[in-house]
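Everything below concerns the one structure shown next.
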Amino acid sequence: MSDPSDLAGQVIAVTGGARGIGREIARQLAAAGARVAVGDLGDTAAAAAAELPGEVIGLSLDVTDSTSFRAFVDTVEDRFGPLDVLVNNAGTMWVGPFDAESDAATDRMLGVNLGGVIRGVRTVAPRMRSRGRGHIVTIASAASRLSPPGEATYAATKHGVLGYLTGVREELRGTGVQLSLIMPGVVETDLAAGTATGAARMLTPSEVAAAVVRTVRRPRFEVTIPAYVGPLTRWAGVLPQFLRDQVLRVLVPDQVASADTAARAAYESTTFRPSPPADTGEPGTTDTGEPGTTDTEGDPA
């Protein structure tokens, strides 16, 4: 890969790529000539890859499992060659009062949104470092800088992603491995169902994917969409606390008060099913499968 701005022939893997933002990222990268591997749960990745143009493969991936992540990357590199870019896209979100959140929802968000990114970086970055080149792009959220009421744990995972990547970026300084963080506002996907308040225009998956393509071509560490979000949050951060609170209450939607729970019901009931009881060998306990599904949609603020 002599010219990073030329995507033709680059090997790029996209987690949570079967639908939503991830699918559109895969489509745009493949259209630019990249060799793209889509990773997602079960057979969803293969089905999505079959519908995308260009050189695209779909592979099973559970980002909450390190063995699954290593197997995914191994297969990608066996099929296409050394990985040039990893796009950490898989994410999920529960919305509601902090004390109404179930353990299943908390564990799922921590496991996918934060743990999935950590596993991706830990799996891929050492390989890239040994080759002296590579790029990891992570789809986070404006909630990496903001904390909307009703999205406390979600925001905590995105704050965690920013903190984690900031530290790892320093460890990788001078190695040739680039890290980038994409932080969009509300994106029109199933994950964001019922969270739009009209205070800001909803983004499309295509807009976020286009930002990813631009960032792969010209790496930057922090990318906010819309662009004004970054400077605005930094400006608010220098205000005294009482003024900061007033500004953020105007700018950041209160999802406890405004979220449409009926619009989110189908998504959350599927994604955050309680874990089945573990198979302990005792009578009356069975292990019936995974809790819910990994959401692969966008990350609203």
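The values are calculated or read from the model by the stated rules, or taken from the named source; none is laboratory data. Quick caveat, the model's predicted, so the values are computed rather than measured. For neighbour counting, all protein chains shown are included, and Cβ atoms are generated from backbone atoms with ideal geometry for every residue, glycine included.
Scan the range 167-182 and give yes if some residue there is surrounded by fewer than 24 Cβ atoms within 10 Å (Cβ to Cβ) and modelled with pLDDT under 90, otherwise no.
no
When Arg79 is evaluated against the numbered criteria (1) of a type in the set (D, E, K, R); (2) modelled with pLDDT of 95 or more; (3) assigned to a loop (DSSP other than H, G, I, E, B), which criterion, by number, is the only one it fails?
(3)
For Arg133, all conditions in the list (1) more than 16 Å from Thr15 (Cβ to Cβ); (2) in contact with an Asp or Glu (Cβ under 6 Å, 6 or more places away or on another chain) hold save one; what is the number of the exception?
For Arg133, the failing item is (2).
Inspect the range 63-73 for any residue being farther than 19 Å from Arg119 by Cα, in contact (Cβ under 8 Å) with a residue 12 or more places away in the chain and not in a helix (DSSP H, G or I) and give the result as yes or no. Give the derivation first.
Taking the range 63-73 and keeping what is farther than 19 Å from Arg119 by Cα, we get none.
Within the range 63-73, none of the residues are farther than 19 Å from Arg119 by Cα, in contact (Cβ under 8 Å) with a residue 12 or more places away in the chain and not in a helix (DSSP H, G or I).
For the range 39-62, how many residues meet the condition of being surrounded by 22 or more Cβ atoms within 10 Å (Cβ to Cβ) and touching a Leu at 6+ places or on another chain (Cβ under 8 Å)?
Within the range 39-62, residues that are surrounded by 22 or more Cβ atoms within 10 Å (Cβ to Cβ) and touching a Leu at 6+ places or on another chain (Cβ under 8 Å) number 5.
How do the pairs read when you match residues in the range 96-125 that are among the charged types (D, E, K, R) with residues anywhere that are assigned to a helix (DSSP H, G or I), using Cβ under 6 Å and keeping only pairs 6 or more apart or on different chains?
That search, which allows pairs on different chains as well, returns Arg119/Ser66; Arg119/Phe69.
Within the range 141-162, can you find the residues that are part of a loop (DSSP other than H, G, I, E, B), farther than 13 Å from Val223 by Cα and small (Gly, Ala, Ser)?
The initial filter retains those residues of the range 141-162 that are part of a loop (DSSP other than H, G, I, E, B), namely 141, 145-151.
Adding the requirement that they be farther than 13 Å from Val223 by Cα leaves 146-151.
Those that are part of a loop (DSSP other than H, G, I, E, B), farther than 13 Å from Val223 by Cα and small (Gly, Ala, Ser): Ser147, Gly150.
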